[in-house]
1. Around ALA237, which amide H atoms from residues at least 5 apart in sequence, or from another chain, sit under 5 Å from its own amide H, with H modelled in the peptide plane?
2. Per 10 Å bin, what is the whole-percent P(r) computed from every C-alpha pair distance within the range 1-141?
3. Enumerate the calculated ³J(HN,Hα) couplings along the range 204-209 in order (Karplus 6.51 cos²θ - 1.76 cosθ + 1.60, θ = phi - 60°), each rounded to whole Hz, writing x wherever the residue is Gly or Pro.
4. Could you give the size of the charge dipole of the chain about its Cα centre, using +1 on the Cβ of each K and R and -1 on the Cβ of each D and E, expressed in debye and rounded to the nearest 20?
5. How much of the accessible area of the range 121-239, in percent, comes from carbon and sulfur atoms when a 1.4 Å probe is used?
6. Tell me the trypsin sites (Lys or Arg not before Pro) within the range 200-308 that lie in a loop according to DSSP and have at most 14 other beta-carbon atoms within 10 Å.
7. Can you give the relative contact order of the range 121-239 as a percent, counting alpha carbon pairs under 8 Å and 6+ residues apart?
8. For the chain, what does the accessible surface come to per residue with a 1.4 Å probe? Please give it in Å².
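The values are calculated or read from the model by the stated rules, or taken from the named source; none is laboratory data. These figures come from a predicted structure and were not determined experimentally. Using ideal geometry, Cβ is built from the backbone for each residue, glycine included, and neighbour counts are taken over all protein chains shown. Heavy atoms of the whole protein, side chains included, go into the accessibility calculation; ligands, DNA and RNA do not. Shrake-Rupley method; radii C 1.70, N 1.55, O 1.52, S 1.80 Å.
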Amino acid sequence: MTEQTNHYDIVVIGSGPAGFTAAIYAVRGGASTALFGGVAPGGQLLLTMEIENYPGFVDPVVGADLMGKMLKQATRLGARVLQESITSVDLSARPFKLTSGGGQQYTAGALIIATGAQARWLGLPSEQKYSGKGVSGCATCDGFFFRGKEVCVVGGGDTAAEDALFLTKFASKVYLVHRRDKLRASFRLQEKLKANPKVEIIYDHIPEEFLGAEKLTAVSLKHVKTGAPRRLDVTGAFIAIGHTPATELVKGKLALDESGYIAADSHTATSVPGVYAAGDVMDTRYKQAIVAAGSGCKAAMEALLYLEEQDK
Ligand code: NAP
């Protein structure tokens, strides 16, 4: 395996736990490796308050610190981490051709797409104002901080239902705010919600404003049919209205599933030989850092095997 200028055996696009784990395994497998991390490497964990379910950390670790450690580890091992975005890829021939936002050309023997999925937000200005100060996109990450408090979850799908149930472990009361008169969540989850005395489902309402001083103290809602206002005095608001996988780069070039995620097999292989997908961009189900890291490991091992086969 060789490194020429701007050619790498393995290129990783994306800098969350999937991307960094892929880069760590790729470079330790003897491949010249570049990771394109965008202008602020770290992915979604940069938005997380504290993480205490990532094994190996006795005390909670701040998302940005964990990602900083992964970056240092990948760099120490010899991966080249570029603070650049890849804006177009040509997967029609090997080596694959990549173009960065600055117009630089790169080539790759194998490619790992780990561009993630962003939690969707409602788009209210006050939602951003209280992000990390009560408004969260991840109940698993932040629920623990709301022990004994009243919180709300916005959304009506499986994620919102699971988040609401998860939050009942900590919160004294969980309002589930949904914009329609029927939940989208599975029957099983709906039954669990209805059986849980801490959960109150508020149908036909959408948040209008997040309110507070330094931190969130209330959410004002609007009835979608009557326009009637309602106020919830909550210190936590969890937005669970779905995720959008970051697949713009590969649309029309790699097969996507019906939800728009990259279609990948259990070995992370995509529809194009030599291209692998890891992390939330191919995960419709778990969306956890540790799962993303695991799939990044798999993708790198598969990419190394692929390169070995090509060299024969
Ligand atoms: P989802 O199924 O797309 O549900 C999103 C929910 O948010 C819907 O109820 C939707 O309302 C609501 N919503 C969307 N935009 C909104 C807005 N602007 N304002 C207010 N509400 C809005 O997303 P998800 O729950 O994250 O699930 C994603 C996929 O993962 C699904 O296939 C799901 O089955 C799967 N999943 C499975 C499990 C499990 O099996 N244990 C757990 C989690 C997720 P409407 O209903 O009106 O459209």
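1. The answer is VAL135, SER136, CYS152.
2. 12, 37, 30, 17, 4, 0
3. So the J values, rounded to whole Hz, are 6, 10, 10, x, 9, 7.
4. Charge dipole of the chain: 720 debye, to the nearest 20.
5. About 51 percent, which is the carbon plus sulfur part of the accessible surface.
6. LYS215, LYS225, ARG285
7. 30
8. 48
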